[in-house]
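Just below is one structure, and these are the notes that go with it.
The values are calculated or read from the model by the stated rules, or taken from the named source; none is laboratory data. Since the structure is predicted, the reported quantities are computational estimates derived from the model, not experimental observations. Here Cβ is always computed from backbone atoms with ideal geometry, including for glycine, and neighbour counts include all displayed protein chains.
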Number of protein chains: 2
Amino acid sequence: MTIQTLTVVGVGLLGGSLGLAAKQRGLARRVLGVGRQRDSLEFAREIGAIDEGFLTVEPAVGEADVVVICTPVDQIARQVVEAGRACPSGSLLTDVGSTKAGIVKAVDGQLPAGVAFVGSHPLAGSEKRGPGHANARLFERRLTVITPTARTEPAALERTRAFWEAFGCRVHLMSPEDHDRALALTSHLPHLTASALAGILPPEVFELTATGFRDTTRVAAGDPELWTAIFAQNRQAVLESLELLEGRLAELRRALENSDNAEMDRLLTQAKKVRDALGS
Amino acid sequence: MTIQTLTVVGVGLLGGSLGLAAKQRGLARRVLGVGRQRDSLEFAREIGAIDEGFLTVEPAVGEADVVVICTPVDQIARQVVEAGRACPSGSLLTDVGSTKAGIVKAVDGQLPAGVAFVGSHPLAGSEKRGPGHANARLFERRLTVITPTARTEPAALERTRAFWEAFGCRVHLMSPEDHDRALALTSHLPHLTASALAGILPPEVFELTATGFRDTTRVAAGDPELWTAIFAQNRQAVLESLELLEGRLAELRRALENSDNAEMDRLLTQAKKVRDALGS
């Protein structure tokens, strides 16, 4: 896969990493970046993540073969539609958003003929933000979920798959709704829980946190604005996951209240098996 | 500080690391280990964590200057008393248990004159277990909480402080009860929560976990038996911490249910400030 022009909308951690990787792997002859801040675009250019920066979408996508939207999830659908109307026929649009159903639905039927959007979510990232943390190897050996629908053209799906594989990703296909339910459990609920654990910690015990607390709450340092948008987009599935968690916490509470060590051991052992199965 | 004979009761991750560090730092001329399994003691001897292994406490402490109990928290008090009755006058006993109030109380008044016990908890460790994971640098730059009571002799407290500082630890003094309340929030509740998050994960989404889930649940791989004992010893404080967490989760739930993005952002921002204050 060689792309003549790759346009990255949103040159932060993910967009910057995508540009860097595209250049370093020789996947794109030219990488154009769209951002809100001139300084940030200039920085992205200096580190080699983009060749040229733009403050608006339209002039950056006129010759784009592939456009990847890497902005917060509440902006993606709008920008897909905006890019879709300004890019040439034959362009492929995709994104890196942590939620999929709302975005895919909002874009459906809004694009001109000849322009395809296929939702993607590379499971890569960090609690850090901005092109200063961009890393050309961020996507290597990561899983990218691609979320086609009944209307997705097979050729567009295959191009999307080839795109992510060219960055070193493994690819997994799911419906947007299945993606959102799964990610509620594997990412959004853990974020909510980490945030709750950090949020209730009184300052006088900060010094008594060790690696366990720091690991368990690391994601709570993530950007509140980005995460508020993710929760809003995946509200129902997150609420359902939260209910599951509350149920399990109630079981643990009962084991504590009843000093039922056998039950506590059973619950901890079941969870340990899950965690062990995931590897380090 | 040079110790003639240091006896470590329980030669697992912590006891093995203590023996290794004592030898490598030249803190003890002789390190004796007590364990239940001959193979494990022989392994500890081979890696240089102990000089000699014993299957029972009594013969291992007859000449001990310092005895450190590194067994699960539900065994520590009994072994402190057992060691205290067999060791010479002038010996210092301490431990590495993750809970303190129950242990300190159970030992109080049970030791012969001339033998002192001062509770300790080095905030070091991992979800791994056994001397195979022992690491001479495990205690370096870690915080050790020492939990004196009104009856603790100043000289014994100072020896305990000097002991942990010799391993490279910073030292913090707290009452056993304050320690247990603090650790409920910084360690025991995060463990419970990580376990709950891992426990509710259905196998079909295992593949969709990334670094966020893995960090957030890493401690859930810890030994269920050790943790059941910790929860049993610190039952009341863990229940109080769990109530705090449940309250915060209910606030997050309400923000989701009401689609109140401003409130969600406020809660996430407050937690991010806490997490940022802790550093990586």
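Here residue A:2 fulfils each of the conditions (1) at pLDDT 95 or above; (2) more than 18 Å from residue A:138 (Cα to Cα); (3) not acidic (Asp, Glu) apart from (1). Being small (Gly, Ala, Ser) and crowded, with 21+ Cβ neighbours inside 10 Å is a property that does not hold for residue B:250.
One line per residue, one yes/no per condition, for (1) among the hydroxyl-bearing types (Ser, Thr, Tyr); (2) at pLDDT below 95; (3) at negative phi:
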residue: B:7; (1), (2), (3): yes, no, yes
residue: B:18; (1), (2), (3): no, no, yes
residue: B:21; (1), (2), (3): no, no, yes
residue: B:26; (1), (2), (3): no, no, no
residue: B:43; (1), (2), (3): no, no, yes
residue: B:53; (1), (2), (3): no, no, yes
residue: B:58; (1), (2), (3): no, no, yes
residue: B:63; (1), (2), (3): no, no, yes
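All of A:162, A:182 fail the test of being out of contact with any strand residue (DSSP E or B) (no Cβ under 6 Å at 6 or more places or on another chain) and within 21 Å of residue A:242 (Cβ to Cβ), apart from A:182. Restricting attention to the stretch A:249-279 and to residues that are of a type in the set (Gly, Ala, Ser) and at the interface with another protein chain (Cβ under 7 Å from one of its Cβ atoms), the residue that is farthest from residue B:245 (Cα to Cα) turns out to be A:277. Please find, among A:175, A:187, the residue that is of a type in the set (Gly, Ala, Ser), buried (at least 18 other Cβ atoms within 10 Å of the Cβ) and either farther than 19 Å from residue A:114 by Cα or at pLDDT 95 or above (or both). Answer to the check: A:187.
Just one of the numbered conditions (1) touching a helix residue (DSSP H, G or I) at 6+ places or on another chain (Cβ under 8 Å); (2) within 30 Å of residue B:71 (Cβ to Cβ); (3) surrounded by fewer than 17 Cβ atoms within 10 Å (Cβ to Cβ); (4) without any contact (Cβ under 8 Å) to a residue 40 or more places away in the chain is not true of residue B:260: (2). So, residue B:38, is that one touching a strand residue (DSSP E or B) at 6+ places or on another chain (Cβ under 8 Å), free of Cβ contacts under 8 Å to residues at least 40 places away in the same chain, surrounded by fewer than 24 Cβ atoms within 10 Å (Cβ to Cβ) and under 17 Å from residue B:87 (Cβ atoms) or not? In short, no. The number of residues in the stretch A:130-149 being surrounded by fewer than 23 Cβ atoms within 10 Å (Cβ to Cβ), at pLDDT below 95 and under 25 Å from residue A:81 (Cα atoms) comes to 1.
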